[in-house]
Amino acid sequence: MRWLRTTGVQLGLDLLLALAAWWLAFWLRFNLDLPDDYAAIAWSATPWCLLGYAVAFLFARVDRQVWTFIGLAELRQLATGIVLAGMATAAIVLMLRVPDFPRSVLVLQPVLALVLMGAARAGWRSYVERNLFVGGGRPLLILGSLQEASDALRALRGSSQWHPVGILSPEATEVGRALQGIRVLGRPEDTSEQVRASDAEAVLVASPPGAQARRAMLLHAADARVPLLTMPRPDEWLKADGSQGPRRIELEDLLGRSPVALDVAGLAELFSGQVVLVTGAGGSIGSELCRQIARLGVGTLVCVDVSEYAVYQLEQELRGAHPQMQGLYYTANVREGDRLQAICLRHRPTVVFHAAAYKHVPLMEHHNEVEALRTNVLGTLNAARSAAASGARRFVMISTDKAVNPTNIMGASKRLAELMVQGVALQAPATQFVSVRFGNVLGSSGSVVPLFTAQIARGGPVTVTHPDIVRYFMTIPEAAQLVLQAGLMGRSGQIFVLDMGEPVKIVELARMLIRLSGKTEQEVPISFTGLRPGEKLFEELLADDETTEPTPHPKLRVAKTGGAPPSVDEVERWVLQAGPSPSEAEVRAWLQRYLPEYTPLSAGAG
């Protein structure tokens, strides 16, 4: 009923404007001196004019326009309705053969109607936008070009929380101009000064992810020591809460990575109504894979993880976000081949994602070497064989850049896991086996980010191993999206390498976090502790003898590796017979036998 009232009022206003244009056309036709005879003609034809406009506007759905958001598309729709109304009115008048009717009025009236109705809509929008941010809300500065600020203002429309007080644009030619009554006060480097001058309580960075000037803007804004906001990334719009308002800046925003373009149709075809199994489903990457697969309409999602609590948390999240999906949650260890194969044979997954692994380099370097081999090598072998035995179409293993020219046990075990996947691929041609290799993901378990955040909260110091250490980073959602895409397009035996962008210095990461927290390095110092066991200064995405080939996706490449994989049965036999606690020297010697590129580092070596 409210919708009917709104459209009825708008249609009534349009008919009043059409009537005004009708009489104005007559007055202009007779130079504002309308003879009584022609006034009578105008009165007699008025009902037909109103009828023509009412029918045409309802047909063209002009009555459903929202004047507050009027734009070019709506003006084109209005013009179409007016042309139809003018033609209908002319047809009625000519069919009725109204005597002495001035035909120029039939041409002039639609033009006047378009001017009056367009002006009314533009005036209403201008009035709303002029008063949109007047009073109420906390003062807010916007960083970005006029185009970016326009998008931000549109998103803030109707917000009672924020009141924009100025814009800071990276374009020098835009300084001094105004947008919707809000002036461009200066450049991003003026942020601290303008925050003080305008009493702004927050800064909204409007530049989208991937924009060249975004990181510099963020760092300038961080110096102002007020809360920093940004608009949600496209992948965040899909979250269950559906929030599209401003949110606090996070470290991921400083990476400046562009959103991933996915083959959504292809992925939906792969997953829709199918059974998908994810190992390591409770981990950072595994749980994000589960979330994104659930959004793609999977029929049954089988989640496997060794951690009871992680499985419980995932179950609670997915049940609430996707009640229509059948979720099956198993606590199982990938090292137990019989258990994993029984789960796969029971549910016959179409696709298996293997994310279960030990990933912490220093922890696996001493005292836990055999555990890394049993989980990362034997566990991968069990998962791949189970996928093949159950008739899965695709198997995707999550690998790491530390598998390239490995210098530590964890990296070597993941490189051997890649070779195991290729070995099983030769034995089971009906399943497409691929591995996906990428670097660090921000916010994952074991990431430096939670550690740095906790250290900053305590007042420091923030501990960095070496001033020159660098790592590749991407966000968890981006990594999961690219893993899905690689799983869709991969051919058996391929190793995909993700575009990780430029490497980031860990010390710069620490400095960014300190500045984002509103602190300075004087307040929260940085301390260098030395490289840990097995840690090197930089990671690589390709080995010395590897090259890459492009794929249809700009952020995915295929690594071209040489040589045949070792015998999976021989590798399995050694791991199973290694005993409960083989010596470190024995494990390293065995790895070097199968991986000539493995060169162990002594603690603290670079």
Which numbered condition trips up G563, out of (1) open to solvent by less than 50 Å² (accessible area, probe 1.4 Å); (2) outside any helix (DSSP H, G or I)?
(1)
Taking segment 78-110 and keeping only residues that are open to solvent by less than 20 Å² (accessible area, probe 1.4 Å), within 16 Å of L34 (Cβ to Cβ) and not hydrophobic (A, V, I, L, M, F, W, C), one is left with P102, Q109
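How many residues are assigned to a loop (DSSP other than H, G, I, E, B) and surrounded by 13 or more Cβ atoms within 10 Å (Cβ to Cβ) if we restrict to segment 504-530?
6
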How many of the residues in segment 54-78 are more than 16 Å from L116 (Cα to Cα), at pLDDT below 85 and aromatic (F, W, Y)?
1
Cβ-Cβ under 7 Å pairs, at least 6 apart or on other chains, segment 46-64 side in contact (Cβ under 8 Å) with a residue 40 or more places away in the chain, far side open to solvent by 20 Å² or more (accessible area, probe 1.4 Å) and polar (S, T, N, Q):
V62/Q77; D63/Q10
Candidates L75, L112, filtered to the one that is part of a helix (DSSP H, G or I), in contact with a Leu (Cβ under 6 Å, 6 or more places away or on another chain) and within 22 Å of L16 (Cβ to Cβ):
L112
Hydrophobic (A, V, I, L, M, F, W, C), modelled with pLDDT of 95 or more and under 19 Å from A480 (Cβ atoms), is that true of A428?
no
First in segment 89-105 and more than 19 Å from L28 (Cα to Cα), second anywhere and of a type in the set (V, I, T) and open to solvent by 20 Å² or more (accessible area, probe 1.4 Å), Cβ under 7 Å, 6 or more apart:
V98/I41
Please enumerate the residues belonging to segment 568-602 that are free of Cβ contacts under 8 Å to residues at least 24 places away in the same chain and aromatic (F, W, Y).
W574, W590
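Here is a yes/no grid of residues against (1) outside any helix (DSSP H, G or I); (2) of a type in the set (V, I, T); (3) open to solvent by 50 Å² or more (accessible area, probe 1.4 Å); (4) modelled with pLDDT of 95 or more:
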{"position": "I285", "(1), (2), (3), (4)": "no, yes, no, no"}
{"position": "E288", "(1), (2), (3), (4)": "no, no, no, no"}
{"position": "Q292", "(1), (2), (3), (4)": "no, no, no, no"}
{"position": "Q313", "(1), (2), (3), (4)": "no, no, yes, yes"}
{"position": "Q316", "(1), (2), (3), (4)": "no, no, yes, yes"}
{"position": "G320", "(1), (2), (3), (4)": "no, no, yes, no"}
{"position": "Q324", "(1), (2), (3), (4)": "yes, no, yes, no"}
{"position": "D338", "(1), (2), (3), (4)": "no, no, yes, yes"}
{"position": "L345", "(1), (2), (3), (4)": "no, no, yes, yes"}
Please indicate, with yes or no, whether at least one residue in segment 404-424 is acidic (D, E) and more than 30 Å from the chain's Cα centre (by Cα).
no
Log entry, pairs with first residue in segment 122-144 being closer than 25 Å to E74 by Cβ, second being in a helix (DSSP H, G or I) and at pLDDT 75 or above, beta carbons closer than 7 Å, six or more apart or on different chains, reads W124/W67; R125/W67
When you look at E365, is it open to solvent by less than 10 Å² (accessible area, probe 1.4 Å) and in contact (Cβ under 8 Å) with a residue 12 or more places away in the chain, yes or no?
yes
Residue in segment 396-404 that is in contact (Cβ under 8 Å) with a residue 24 or more places away in the chain and more than 23 Å from G534 (Cβ to Cβ) present:
yes
Does segment 52-63 contain any residue that is small (G, A, S) and open to solvent by 30 Å² or more (accessible area, probe 1.4 Å)?
no
Output yes when any residue across segment 371-387 is assigned to a helix (DSSP H, G or I) and closer than 17 Å to E535 by Cα, and no when none is.
yes
Checked segment 215-226 for anything of a type outside the set (A, V, I, L, M, F, W, C) and either at pLDDT 75 or above or touching a strand residue (DSSP E or B) at 6+ places or on another chain (Cβ under 6 Å) (or both); matches are H220, D223, R225
Inspect segment 92-105 for any residue being farther than 30 Å from A40 by Cβ, in contact with an Asp or Glu (Cβ under 9 Å, 6 or more places away or on another chain) and not aromatic (F, W, Y) and give the result as yes or no.
no
Matching entry among G411, G423, G379 (being touching a residue at least 24 places away in the same chain (Cβ under 8 Å), crowded, with 20+ Cβ neighbours inside 10 Å and under 26 Å from M500 (Cα atoms)):
G411
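Every residue, every condition in (1) part of a helix (DSSP H, G or I); (2) surrounded by 19 or more Cβ atoms within 10 Å (Cβ to Cβ); (3) at pLDDT below 85, yes or no:
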| site | (1), (2), (3) |
| --- | --- |
| V436 | no, yes, no |
| V441 | no, yes, yes |
| G446 | no, no, yes |
| P450 | yes, no, yes |
| A454 | yes, no, no |
| H466 | no, yes, no |
| M474 | no, yes, yes |
| E478 | yes, yes, yes |
Picking from A392, A356, which residue would you name as being closer than 27 Å to Y472 by Cα, in a loop (DSSP other than H, G, I, E, B), under 32 Å from the mean Cα position of the chain (by Cα) and modelled with pLDDT of 95 or more?
A356
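For segment 484-503, give me each residue that is modelled with pLDDT of 85 or more, under 25 Å from the mean Cα position of the chain (by Cα) and not in a strand (DSSP E or B).
Hits for segment 484-503 are L484, Q485, A486, G487, L488, M489, G490.
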Quick one: V571 ticks every box in (1) crowded, with 18+ Cβ neighbours inside 10 Å; (2) under 30 Å from D223 (Cα atoms); (3) over 27 Å from the mean Cα position of the chain (by Cα) bar one, so which box is it?
(2)
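The values are calculated or read from the model by the stated rules, or taken from the named source; none is laboratory data. Bear in mind the structure is a predicted one, so any value in this text is a computation, not a measurement. Note: ideal-geometry Cβ built from the backbone for every residue, glycine included; neighbour counts use all protein chains shown. Keep in mind that these areas ignore ligands, DNA and RNA; they rest on the heavy atoms of the full protein, side chains included. Shrake-Rupley method; radii C 1.70, N 1.55, O 1.52, S 1.80 Å.
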